Amino acid sequence: MKHENRVVFVTGAGQGMGKAIVERFVAEGALVAAVDINQQAAQAVADSCGAGLDGTRVIGLACDVSDSSSVRDAMAEVERQFGRLDIVVNNAGIGSVDAFVDTPDENWNRVIGVNLTGTFLCCREGARLMQKNGSGIIINVSSSAVMSGEGPSHYCASKAGVIGLTRSIARELASSGIRVNTLVPGPTNTPMMADIPEDWMEQMVNAIPLGRMCEPDEVARVASFIASEEASFITGQNIAVNGGMVFL
Ligand SMILES: NC(=O)c1ccc[n+]([C@@H]2O[C@H](COP(=O)([O-])OP(=O)(O)OC[C@H]3O[C@@H](n4cnc5c(N)ncnc54)[C@H](O)[C@@H]3O)[C@@H](O)[C@H]2O)c1
């Protein structure tokens, strides 16, 4: 069991990649907080993973990552229930289909608020807890849209910001024994993709040398690797999972 009894905080865990990441870590022995703004979805994922003998291997937590007090409360609950924190996966993310010149301030602020500020808040609160153990791992989820530019401005800007945030804190937190990396998926088969127009989707898949979209567990397996001892000397890096669509 690669992650036996390690405590993992996964955001955006109610569906898609986050759900797959929760399932992967649970299968590998971890204790997991499945965190989502949608409490019912988070709880459903926790329930579907099945409880261990002690009944508390996976908890579903409601949390809006863009709200600092909500993040603090969720982290405090994890510490209360599991006593420590080892791994944070900042997977929660949103998009919004806006042409650049028509982008409302509100949509810009919402996308940056969840994707970038939310990642910052969970990194900061997570690192504070990890510093108590003298070790930890943070995985921030960006997107290949940063490299290709194929995405709305707020989305690409927020996901580029995640890469800069990761690099800065990877340097700063290294002395606390905390590794921080960015996972950079390409187009992946999740509910988020349901809103993408069909012709845009077809174009995207045609641009992937491996000829298909990524499946959520393919991202989850890489998250598990980054969090494992096998990746013990990897920090501050972009780790791409995109079927060859762009090269970092
Ligand atoms: N699907 C793709 O093709 C793709 C590609 C590259 C990167 N990504 C990134 O991967 C991550 C996961 O994507 P997905 O496709 O699984 O998305 P999804 O839309 O299927 O799921 C996102 C989850 O995040 C939750 N969420 C939204 N706002 C939140 C908030 N404020 N606080 C807490 N939870 C919140 C949602 O309720 C949902 O359960 C996102 O960061 C996304 O930007 C996705």
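Using a probe of 1.4 Å on the protein chains alone, the accessible area found for residue 156 is around 20 Å².
Taking the Cα centre of each part, how many Å lie between region 182-245 and region 86-124? Centre-to-centre (Cα) distance: 18 Å. Extending 7 Å from the Cα toward the beta-carbon at both residue 4 and residue 200 defines two label points whose distance is 4.7 nm.
Largest GNM mean-square fluctuation among 61, 31, 210, using the chain with Cα springs under 10 Å: 210. Distant-in-sequence amide contacts of residue 32, defined by a placed amide H-H separation under 5 Å and a gap of 5 or more residues or a different chain, comprise 8, 58, 59.
Dividing the helix sum by the residues of the chain, where each DSSP H run of 4 or more adds -39500 (n - 2.57), gives a mean residue ellipticity at 222 nm of -13500 deg cm²/dmol.
At q = 0.24 Å⁻¹, what log₁₀ I(q)/I(0) does region 131-228 have when each alpha carbon counts as one equal point scatterer in the Debye sum? For the requested q values the scattering log ratios are -1.29. Springs join every pair of Cα atoms under 10 Å in this Gaussian network model of the chain, and among 217, 86, 199 the largest mean-square fluctuation is at 199. Its relative contact order, with pairs defined as Cα atoms under 8 Å and 6+ residues apart, puts the chain at 19 percent.
In plain terms, the bigger the Kirkwood radius, the slower the diffusion; for region 12-53, with that radius from Cα pairs, at 10 °C and 1.306 mPa s, Stokes-Einstein puts D at 160 µm²/s.
Hydrodynamic analysis of region 182-240 uses the Kirkwood radius over alpha carbon pairs. Inserted into Stokes-Einstein at 10 °C and 1.306 mPa s, it gives a translational diffusion coefficient of 122 µm²/s. The solvent-accessible area of residue 97, taken with every protein chain present and a 1.4 Å probe, is close to 110 Å².
With the convex hull drawn around the C-alpha atoms of the chain, the volume per residue stands at 117 Å³.
Report in % the part of the accessible area of the chain that belongs to carbon and sulfur, leaving out ligands and nucleic acids; probe 1.4 Å.
Taking all protein chains in place, the chain shows 51 percent carbon and sulfur surface.
Over region 98-145, the Kirkwood radius and the radius of gyration, each from Cα atoms, give a ratio Rg/Rh of 1.17. Packing-based ranking of 158-171, 100-113 yields 158-171, 100-113, ordered from highest to lowest mean Cβ neighbour count within 10 Å. I'd like to check one number: the per residue accessible area of the chain, probe 1.4 Å, reported in Å² as a whole number. For the chain, the per-residue accessible area is 45 Å².
When the Cα atoms of region 38-172 are aligned to their principal axes, the ranges along those axes come out at 53, 36, 26 Å in descending order.
The values are calculated or read from the model by the stated rules, or taken from the named source; none is laboratory data. What you see is a predicted model, and the numbers here were worked out from it, not measured in a lab. Please note: Cβ atoms are built from the backbone with ideal geometry, for glycine as well, and neighbour counts cover all protein chains shown. With ligands, DNA and RNA removed, areas are computed over all heavy atoms of the protein, side chains included. Shrake-Rupley method; radii C 1.70, N 1.55, O 1.52, S 1.80 Å.
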